[in-house]
Amino acid sequence: MSAAHLPIVLALAAAFLMAVGAHCQNMGLADVASRRGTAIAITAAAAFHWILSPFFLVSSQWLEPAVLIFVLAGIIRPSVSANLSVAGTRFLGPTLSSTLGSTTPLFGAALGIFWLGEAFTVPIAVGTLGIIAAVLMLSLGNLKMERDWPMWALALPVGAAIIRSLAHVLTKVGMEDIPNPYFAGLVGFTVSAILTNIALGWGEKRVRVDWKARGTYWFAAAGVVFAIAIMSLNNGLMRGEITAVMPIIGLSPIFAMLLSIFVFKRERLTLRVVMAVFIVVPSVAFIAIYR
């Protein structure tokens, strides 16, 4: 494998792991509320990073000014973006919310071009649009446009997509001075875990984690999977460009659908899924080969 293709492989691994984590969260929702489950997952991701600290942490990096960039990324993702996504799902439903959230690669590409000065070539543009088209094909197929939600609610999942893109760009900028993907994730998840747990205690009675609930362990597992996914993504961002990596991350809903069909048996294989896969595969190949 050439060094030029490594970021694509890392992004593919991250997208797949994010899909696995999403299924773990879905199973956890059976007996754990979404807000508490999100806090458990983020806390587990932070704890997993700290467990690895004897092997990967370089103490002197805490003194680098760029650590503040990772802190900022941790403030907005996943603590803010996750809450916007949950709010969007509550108002719009999961299908429309996830459809609008799939615009993340477009915002990521725009930030890469206008902030980092990356080139948005024709092959990357074609591949990006192909991936987004495939995700929209899967999402819109089950969409019922019976509007019983306020127009401003559309801004919730779109805002979450923008914030995720901004956090990825901030992480890449920070790694120019601190080239340590593990450290970027450690700082980001630690900050998010602190903020999420503080926010969880506002407006509701403090409740201990129910270790007898199976959902607690599913959310904790999701956090570990997300931690590994972010380490893989950060490695991809450090070695590649935002405009090439972000479209690949957009494949996560496709992986989630395929897992739902072939592993969890919650959905069935349809012509729409087959067509989406046939669009996705050449789109990824286009980005990988011609970027």
Item to check | Count - residues of the range 31-51 that are surrounded by fewer than 16 Cβ atoms within 10 Å (Cβ to Cβ), in a helix (DSSP H, G or I) and touching a residue at least 60 places away in the same chain (Cβ under 8 Å) | outcome: 2
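If you go through the range 240-262, how many residues are closer than 12 Å to Ala19 by Cα and aliphatic (A, V, I, L, M)?
Of the residues in the range 240-262, the ones closer than 12 Å to Ala19 by Cα are 249-260.
Pick out the ones that are also aliphatic (A, V, I, L, M) and you get 249, 251, 254, 256-259.
Count: 7.
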Item to check | Residue under evaluation Lys212, criteria (1) in a loop (DSSP other than H, G, I, E, B); (2) in contact with a Leu (Cβ under 7 Å, 6 or more places away or on another chain), criterion not met | outcome: (2)
Checklist entry - Mind checking whether some residue in the range 222-239 is in a helix (DSSP H, G or I), more than 29 Å from Ala285 (Cβ to Cβ) and of a type outside the set (Gly, Ala, Ser)? => result yes
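Quick one: which of Ser53, Ser34, Ser85, Ser79 is more than 15 Å from the chain's Cα centre (by Cα), hydroxyl-bearing (Ser, Thr, Tyr), at pLDDT below 90 and closer than 27 Å to Trp211 by Cα? Explain how you work it out, then say what you get.
Numbers: Ser53 fails: at pLDDT below 90; Ser85 fails: more than 15 Å from the chain's Cα centre (by Cα); Ser79 fails: more than 15 Å from the chain's Cα centre (by Cα).
Residue meeting the stated conditions: Ser34.
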Checklist entry - Could you list, in sequence order, the residues of the range 70-83 that are crowded, with 23+ Cβ neighbours inside 10 Å and in contact with a Leu (Cβ under 7 Å, 6 or more places away or on another chain)? => result Ala73, Ser79
Item to check | Those residues of the range 1-29 which are assigned to a loop (DSSP other than H, G, I, E, B) and under 17 Å from Val86 (Cβ atoms), in sequence order | outcome: Leu29
Next on the checklist: Against the definition (assigned to a helix (DSSP H, G or I), at pLDDT 90 or above and not aromatic (Phe, Trp, Tyr)), how does Ile124 come out, yes or no?
Outcome noted: no
Item to check | Scope the range 270-285; condition among the β-branched types (Val, Ile, Thr), over 26 Å from Thr243 (Cβ atoms) and not in a loop (DSSP other than H, G, I, E, B); matching residues | outcome: Val273, Val274
Next on the checklist: Can you say whether Asn197 is farther than 27 Å from Glu118 by Cβ and either over 13 Å from the mean Cα position of the chain (by Cα) or part of a loop (DSSP other than H, G, I, E, B) (or both), as far as the supplied structure shows?
Outcome noted: yes
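I'm checking my understanding of the structure. Among residues of the range 240-269 that are assigned to a loop (DSSP other than H, G, I, E, B), of a type outside the set (A, V, I, L, M) and touching a residue at least 12 places away in the same chain (Cβ under 8 Å), which one is surrounded by the most Cβ atoms within 10 Å (Cβ to Cβ)?
Our first condition is that a residue be assigned to a loop (DSSP other than H, G, I, E, B); within the range 240-269, this holds for 240-241, 250-251, 263-269.
Okay, now just the ones that are also of a type outside the set (A, V, I, L, M), so 240-241, 250, 264-268.
Now drop any that are not touching a residue at least 12 places away in the same chain (Cβ under 8 Å), which leaves 240-241, 250, 264.
Values: Gly240: 23, Glu241: 20, Gly250: 25, Phe264: 12.
Only one residue fits best here, namely Gly250.
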Next on the checklist: Take the conditions assigned to a loop (DSSP other than H, G, I, E, B) and more than 21 Å from Thr196 (Cβ to Cβ) and apply them to Pro54. Does it pass?
Outcome noted: no
Checklist entry - Going by the conditions given, is Leu195 closer than 21 Å to Arg164 by Cβ and of a type outside the set (Lys, Arg)? => result yes
Checklist outcome for this item: Condition set of a type in the set (S, T, N, Q) and in contact (Cβ under 8 Å) with a residue 60 or more places away in the chain, scope the range 52-69, selection surrounded by the fewest Cβ atoms within 10 Å (Cβ to Cβ): answer is Ser53
Checklist entry - If you check Pro253, Pro247, which single one turns out to be under 21 Å from Gly37 (Cβ atoms) and under 16 Å from the mean Cα position of the chain (by Cα)? => result Pro253
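The values are calculated or read from the model by the stated rules, or taken from the named source; none is laboratory data. Computed from a prediction, not measured in an experiment: that's the story for all the values here. Note: ideal-geometry Cβ built from the backbone for every residue, glycine included; neighbour counts use all protein chains shown.
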